[in-house]
Structures are given as C-alpha cells and as structure tokens.
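Colleague: What follows is a structure written as structure tokens; I'll ask about it next.
Nothing in this text is a laboratory measurement; each read-out follows from the coordinates by a stated rule. Predicted, not measured: the structure shown is a model, and the values here were computed from it. No Cβ is skipped: glycine too gets one built from the backbone with ideal geometry, and neighbour counts run over all protein chains shown.
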Amino acid sequence: MIEGAPSFDFFKALQNLIKLGFLNGLIENPLADGSNVNIALIDTGVNAVKLQRKFDGKGVNFKPIIHALFKPDGIVDYSSTGSPLLPHGTVVADILLTHAPQAQIYSANVFDLRSFTELDRLLHAIHVAIHDWKCKVINLSLGLPEERLQQPWRRLQFLNALEDAYRNDVLVFAAGHNDHPLGRSFPAVFESSLFSVNKKLLEGMLKFKYFPNAGLEFLGHGHADLAPFGSDLATSWATAHLAGTAAKIVSLYPKIKPFEMKSILYWVSREWYEQSGCDS
C-alpha cells in the first residue's frame, strides 16, 4: 500500500456488494430520497407553483426551491422567482424531485427571457453551484452546439469548469445532442469528466444503461410527465432521470466521488441489462 493512501478499497467493497446482491435494491431503497443533497438545476428557471400543485396531489412535500437569475457581467439576482418564460426547467425539476423528493433544488436560470444562453453564464452558474451552493449534483439538460464554440480557448474554459467540479467531487450530468450522432454539443462531448446522457425508450424512469459505444456514456429514460403532449424522446429528460437517480445514491453515500458513482451506475446497469456492446 502507498504510504498515506486511504485504507478503504472502494472497488473491493463494491465487488462484495455485487456478490451479496446489494446493488439490486440500491435504487429502490426508501432511504434513498435525496435527503441532504443539493442539486443545481442550470436551465430556464422553474415554475414552483406548478410543481407544488402536482406534488400536493401525491402527498409529497419538497423543499422550497432557491431561485437565481444569472445576468450579464456576473450578476446573480435571487429576487427573480416569477414564472419562467419557458417550461423546460420545470419539466426537469419535476423529474429530479420525482426521484429525489427531499433534495434541495437550486434553480439557476441562465436563459432569462431568451431561448438560448451563452458560455459565460453557464460557467458562472457552474462556479456558483460548486463553491457557493455546495451542490453535489449539477444537472445540465442543455448544450452549446459545436459551431458556437469554435475557439479552442473557449472550449478549454468549459473543460476547466468541469474539471473544477471533478476535483470538488461534484457530479455533473449533461445532455447529449438530440440528433446525436449527427450533431454534437458541449459539454456532453467531455465524456471523461462528467456523465454524458443520450435518450432511449426504456422500461421505466428508474432504468438506465451504461452504453459507451453509442458515443455517449449512458442511455436514460427519455420520457417526462410534464413534457408537452406528443413530445419525442429527449436527452434533457434522460439526463434528469439519471441525475435524479444519482441524487438518491448520494443521500446514502454523501461523500461519493464521480468515478465511484460511475462504477455504481455501471454495475447497477449490468445487473439489469446484458452489456454486449450492441443495443438489444
């Protein structure tokens, strides 16, 4: 053993859990409810009133959502709690809270009154989520297309932000392009430093697949209850399903590291599906 190295062997412990069949019930554990987990939802903003109506009907109480509007020049407005222009963030929040109803959601609105955002606002929101809000999970059900990040130094800025999250043991989930593999988007292309997610019609919202040969690391359930009627499968919803699942696990293991979470999600997926290298 290397001097000063921790005595706990995560992979040996994980192997023992697999042998004991513990991972079979990990996701369904009633204690895995998102308690004491901060989630940064970097998106269009959240309509908390609409969410409250839905969850009240199910007898579920979630923590008040903390709203923050990210403006140009590094300004963060915490007084902006009105209904957002776009419903996208509300749909994502619904998925996250369905999986982890006791998590604390920080809604970072980086779109304001527009249908697009810029890298600087995203970078600022990621920094605040890591260092001010102390979020363990960051959900990015969005992406910047390659043509908007042509300059190598801008791409490096994005990668540096993700590596900052990795060094602080923050789990970042990013949606792949909905037209993948014909289209690619950032930050999902940085597969090694985050959890990149593609969409798939799976058996239910708790199901996911580890599927790196598809160009993105994971396949998530692409449906959402609050999505517009008749909507196609979307990577945005798939990303939130996987991030919400991770939040459940974090509530059981608060100090889990990104590579440890990837290992757990990989092995849980293996227990559900045959990992043969092809989508069967």
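Colleague: Can you run the Rg to Rh ratio on the chain? Use alpha carbon positions and the Kirkwood inverse-distance Rh. Mind dumping the intermediate values first?
Modeller: On the way: Rg = 18.1 Å, Rh = 19.0 Å.
Rg/Rh: 0.95.
Colleague: Net charge near I27, counting Lys/Arg +1 and Asp/Glu -1 over other residues with Cβ under 12 Å of its Cβ?
Modeller: On the way: positive: K207, K248; negative: E28, D33, E271.
Neighbourhood net charge equals -1.
Colleague: Using DSSP to define loop residues, name the chymotrypsin sites (Phe, Trp or Tyr not before Pro) in the range 21-120 whose beta-carbon has at most 10 other beta-carbon atoms within 10 Å.
Modeller: Those that pass, being in a loop and sparsely packed, are Y78, F116.
Colleague: List the relative contact order of the chain as a percent without decimals, with contacts defined as Cα pairs under 8 Å and 6+ residues apart.
Modeller: Here the relative contact order equals 21 percent.
Colleague: What are the ³J(HN,Hα) values, in whole Hz, obtained from phi via the Karplus relation 6.51 cos²θ - 1.76 cosθ + 1.60 with θ = phi - 60°, for each residue of the range 244-258 in sequence order, with x given for Gly and Pro?
Modeller: The phi angles translate into x, 4, 4, 4, 4, 5, 4, 5, 8, 10, x, 9, 4, 9, x Hz.
Colleague: Still on this model: Cut-off 18 Å, label point 7 angstrom out along Cα-to-Cβ of D169: give me the residues of the range 224-249 whose amide nitrogen falls inside.
Modeller: 246-249
Colleague: Which one, L140, L51, L219, has the greatest fluctuation when you compute a Gaussian network model over the chain with C-alpha springs under 10 angstrom?
Modeller: The residue that fluctuates most here is L51.
Colleague: Explain nothing, just the number: dipole magnitude of the chain about its Cα centre with +1 on each Lys and Arg Cβ and -1 on each Asp and Glu Cβ, in debye rounded to the nearest 20. Don't jump to the answer; show the numbers that get you there.
Modeller: Values: 26 positive and 28 negative charges, 71 e Å.
Dipole about the Cα centre, nearest 20: 340 debye.
Colleague: What is the Cα centroid distance between the range 32-80 and the range 227-274, reported in whole angstrom?
Modeller: If you average the Cα positions of each part, the centres end up 19 Å apart.
Colleague: Loop-only check: which GluC sites (Glu not before Pro) in the range 110-202 are DSSP coil with at most 16 other Cβ within 10 angstrom?
Modeller: E118
Colleague: Now for a different question. Check S80: other-chain or 5+ apart residues with amide H under 5 Å from its amide H, H built from backbone geometry?
Modeller: Under 5 Å from the amide H of S80: L69.
Colleague: When Lys and Arg each count +1 and Asp and Glu each count -1, what net charge do the other residues less than 10 Å away from E217, Cβ to Cβ, add up to? It would help to have the intermediate numbers written out before the result.
Modeller: Working: positive: K209, K262; negative: E191.
Cβ neighbours under 10 Å give a net charge of +1.
Colleague: Which of the trypsin sites (Lys or Arg not before Pro) found in the range 201-280 are loop residues per DSSP with 16 or fewer other Cβ atoms within 10 Å of their Cβ?
Modeller: The qualifying sites are K255.
Colleague: Looking at the range 32-269, send over the antiparallel percent of its DSSP beta bridges, to the nearest 5.
Modeller: Antiparallel bridges: around 25 percent, rounded to the nearest 5.
Colleague: In whole Hz and in residue order, list the ³J(HN,Hα) couplings for the range 161-172 that follow from phi through the Karplus curve 6.51 cos²θ - 1.76 cosθ + 1.60, θ = phi - 60°; x for Gly and Pro.
Modeller: 5, 5, 5, 4, 4, 4, 5, 9, 6, 9, 8, 10
Colleague: When the chain is modelled as a GNM with alpha-carbon springs shorter than 10 Å, which of N160, N198, N139 fluctuates the most?
Modeller: N160
Colleague: Which Cα, out of L233, L144, I66, lies furthest along the positive dipole direction of the chain (beta carbon charges, K/R +1, D/E -1)?
Modeller: Of the options given, the answer is I66.
Colleague: Computed FRET efficiency, Cβ-Cβ of K257 and S231, R0 22 Å: what is it to the nearest 0.05?
Modeller: 0.05
Colleague: Counting Lys +1, Arg +1, Asp -1, Glu -1, what net charge surrounds D120 among other residues with beta carbon under 15 Å of its beta carbon? Provide the component values of the computation, followed by the final result.
Modeller: Working: positive: K71, R114, R121, R148, R154, R155; negative: D73, D112, E118.
Net charge around D120: +3.
Colleague: How far apart, in nm, are the 7 Å Cα→Cβ label points at K134 and W153?
Modeller: Roughly 3.6 nm, to one decimal.
Colleague: Hey, another quick one. Name the residue, out of L142, L85, L97, whose mean-square fluctuation peaks in a Gaussian network model built on the chain with Cα pairs under 10 Å.
Modeller: Judging by the Gaussian network model, the answer is L85.
Colleague: Which of the lysines could a cross-linker span from K136 if the Cα-Cα distance has to be under 18 Å and same-chain partners fewer than 8 positions apart are dropped?
Modeller: Candidates past the 8-residue exclusion: K63, K248, K255, K257, K262.
Colleague: With θ set to phi - 60°, apply the Karplus curve 6.51 cos²θ - 1.76 cosθ + 1.60 along the range 199-213 and write out the HN-Hα couplings as whole Hz, x wherever there is a Gly or Pro.
Modeller: The phi angles translate into 9, 6, 7, 10, 6, x, 5, 7, 8, 7, 10, 8, 8, x, 5 Hz.
Colleague: Per DSSP helix of 4 or more residues, -39500 (n - 2.57); summed, then divided by the residues of the chain. What does that give at 222 nm, rounded to the nearest 500?
Modeller: Numbers: 7 runs with 94 residues, N = 280.
Calculated mean residue ellipticity at 222 nm is -10500 deg cm²/dmol.
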